[in-house]
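Following: one structure in structure tokens, then a few remarks.
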Amino acid sequence: MVPTLLRRCAGGALLPVAVVAAVAAGAAGFFATAAVTAWIPLLCVAGLVALSAVVYPLGWSAFALLGVRRRRRATTALAAGVAVAVAGLAAVTVFRPGPHPAAPAPPAGVRFWDLPTGSRIAYVHAAATGVPRPTPVIFLHGGPGTPGEGMPEAGTTLAADGFEVYAYDQLGAGRSTRLDDVTGYTVARQVADLDAIRVTLRADKIILIGQSWGGSLTAQYLAAHPQHVARAVFTSPGPIWPGAYPDGGGGDPWARLTAEQRDRRDDLFGSPRVVVASILQAINPNAAHALVGDDEADALLHTVGVLGKDISSCPGTPPTKVHDNHQGFYVNQLTVEDFAHVPDPRPALRQLPVPVLVMRGECDFVPWAETYEYRRTFQRATLVYLPHTGHSIASGQPGAYVALLRAYLRDEPLPLPAYTSADPPS
């Protein structure tokens, strides 16, 4: 009597273990298969096979201990039931698409370059209206993958000074090309696109104005093509080389989120679908891309960007305007990953005679040491510190920003004093 009771207790305990082990095996099979293919149906089949391979023998053993006579039928029913339950739950949590609105049609003035790199790049152009100057100006947006909308106001002013001015959506962002193979989002590809743009403009030299990540990209372009840059402006630049910092550099803008904003962000990134996509991205980015496509992923990043659009400003700054030129999720994720592994460009940059201007805002979240690294690296660097503005100097101090750009690009005295100390002003 006692051995029978113990056997049945063991069988009863083994059943839930079988179910849990089967679910875990199914997940392991799903993710393990992602290492060799990005085809989601095959991942699902592999997961179900792994689930069945575990639940069947454990279920059989459990039913044997319970004394069930028709163990084959019971075990088959258990395996089918677990598989259906898991598939049904996954269908409504992991495989149910989230919001994925496509970006609206481009506004008037947006044009496209079809580059020999394979990129179709959206851009806007402000034609020179003053005395023509030979060197075009190109604005590089931040992110990676965070474009603006239209021509920056400073661009219109520079056009009136005789410059041909361009602002473009980098590969994978805004209205430019999205890649089918997301592993193609690399720093080298962005540099190649920029040089192809220079060639398309038939310019031997260009002037680059890089904001945030655009500053990091400007430094990479300078290291690769120094002979083609007349001047460079870095506004609130990201790190020259992330390998110089244990955390990769760049600071943490999200540290300034309110508790409510943080909860909202965590809800957006904590859904089962996004969590599964994140795991897939670490294994095979193209599998993540197959699960969560560009429209959905870009809409998610856009929503999070709007949520935190004002956290990088000084307190009391008017809210930033929202636009509909969508951010690029996969170019952001994969380019950041690639950037962490690029060679150190600083030895090459230290040899360059190219004049550069660095602007730093008082409330910028990027650590001061990373901004000052630009001044320490370039032979002909001028650093200007602007109070009462954050990461976006163009919106926080628009008058000073435009005045600095105009004076620097026209080789006139700067309207604000250059700052030379390694320590920020108190």
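Of the residues making up segment 91-115, those that are in contact with a helix residue (DSSP H, G or I) (Cβ under 8 Å, 6 or more places away or on another chain), at pLDDT 95 or above and closer than 15 Å to S176 by Cβ are W113, L115. Test G214 against the stated conditions and say whether it is in contact (Cβ under 8 Å) with a residue 24 or more places away in the chain and surrounded by 18 or more Cβ atoms within 10 Å (Cβ to Cβ). For G214, the condition - in contact (Cβ under 8 Å) with a residue 24 or more places away in the chain and surrounded by 18 or more Cβ atoms within 10 Å (Cβ to Cβ) - is met. Total residues in segment 142-163 satisfying the condition of being free of Cβ contacts under 8 Å to residues at least 40 places away in the same chain and surrounded by 22 or more Cβ atoms within 10 Å (Cβ to Cβ): the figure is 1. Of the residues making up segment 17-36, those that are under 18 Å from F63 (Cα atoms) and open to solvent by 70 Å² or more (accessible area, probe 1.4 Å) number 2. Scanning segment 380-420 for residues that are part of a loop (DSSP other than H, G, I, E, B) and among the aliphatic types (A, V, I, L, M) yields L414, L416, A418.
When A13, A46, A79, A28 are screened for being within 49 Å of the chain's Cα centre (by Cα) and in contact (Cβ under 8 Å) with a residue 24 or more places away in the chain, only A79 passes. Quick one: is A381 of a type in the set (G, A, S), within 19 Å of D252 (Cβ to Cβ) and without any contact (Cβ under 8 Å) to a residue 60 or more places away in the chain? For A381, the condition - of a type in the set (G, A, S), within 19 Å of D252 (Cβ to Cβ) and without any contact (Cβ under 8 Å) to a residue 60 or more places away in the chain - is not met. Within segment 303-328, restricting attention to residues that are part of a helix (DSSP H, G or I) and open to solvent by 30 Å² or more (accessible area, probe 1.4 Å), the residue that is farthest from G174 (Cα to Cα) is L307.
The residue that is surrounded by the fewest Cβ atoms within 10 Å (Cβ to Cβ), counting only those in segment 220-243 that are among the hydrophobic types (A, V, I, L, M, F, W, C) and under 20 Å from the mean Cα position of the chain (by Cα), is W241.
Consider G145 against the criteria (1) touching a strand residue (DSSP E or B) at 6+ places or on another chain (Cβ under 8 Å); (2) within 17 Å of L194 (Cα to Cα): it satisfies all of them except one. Which criterion is unmet? Against the list (1) touching a strand residue (DSSP E or B) at 6+ places or on another chain (Cβ under 8 Å); (2) within 17 Å of L194 (Cα to Cα), G145 comes up short only on (1).
Conditions first: (1) among the charged types (D, E, K, R); (2) at pLDDT 95 or above; (3) over 15 Å from the mean Cα position of the chain (by Cα). D324 passes all but one, so which condition is the exception? Against the list (1) among the charged types (D, E, K, R); (2) at pLDDT 95 or above; (3) over 15 Å from the mean Cα position of the chain (by Cα), D324 comes up short only on (2).
Taking the residues in segment 244-261 that are more than 15 Å from the chain's Cα centre (by Cα) and not in a loop (DSSP other than H, G, I, E, B) as candidates, determine which candidate is surrounded by the fewest Cβ atoms within 10 Å (Cβ to Cβ).
A259
Residues satisfying the criterion are present in segment 198-209 (criterion: crowded, with 19+ Cβ neighbours inside 10 Å, in contact with a helix residue (DSSP H, G or I) (Cβ under 8 Å, 6 or more places away or on another chain) and assigned to a helix (DSSP H, G or I)).
Table: residues versus (1) open to solvent by 40 Å² or more (accessible area, probe 1.4 Å); (2) over 17 Å from T235 (Cα atoms).
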| position | (1), (2) |
| --- | --- |
| P345 | no, yes |
| E362 | yes, no |
| E370 | no, no |
| F378 | no, no |
| L383 | no, no |
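Residue count for segment 279-301, restricted to those that are exposed (fewer than 15 other Cβ atoms within 10 Å of the Cβ) and under 14 Å from the mean Cα position of the chain (by Cα): 0. Does segment 176-183 contain any residue that is within 23 Å of the chain's Cα centre (by Cα), outside any loop (DSSP other than H, G, I, E, B) and farther than 22 Å from P237 by Cβ? Within segment 176-183, one or more residues are within 23 Å of the chain's Cα centre (by Cα), outside any loop (DSSP other than H, G, I, E, B) and farther than 22 Å from P237 by Cβ. Of the helices (runs of 4 or more DSSP H) entirely within segment 1-97, those holding at least 2 residues that are more than 30 Å from A282 (Cα to Cα) and basic (K, R) occupy 2-33, 71-93.
The values are calculated or read from the model by the stated rules, or taken from the named source; none is laboratory data. Predicted model, so just to flag it, every value in this text is computed and none were measured. Using ideal geometry, Cβ is built from the backbone for each residue, glycine included, and neighbour counts are taken over all protein chains shown. Heads up: the accessible areas ignore ligands, DNA and RNA and are worked out on the full protein's heavy atoms, side chains in. Shrake-Rupley method; radii C 1.70, N 1.55, O 1.52, S 1.80 Å.
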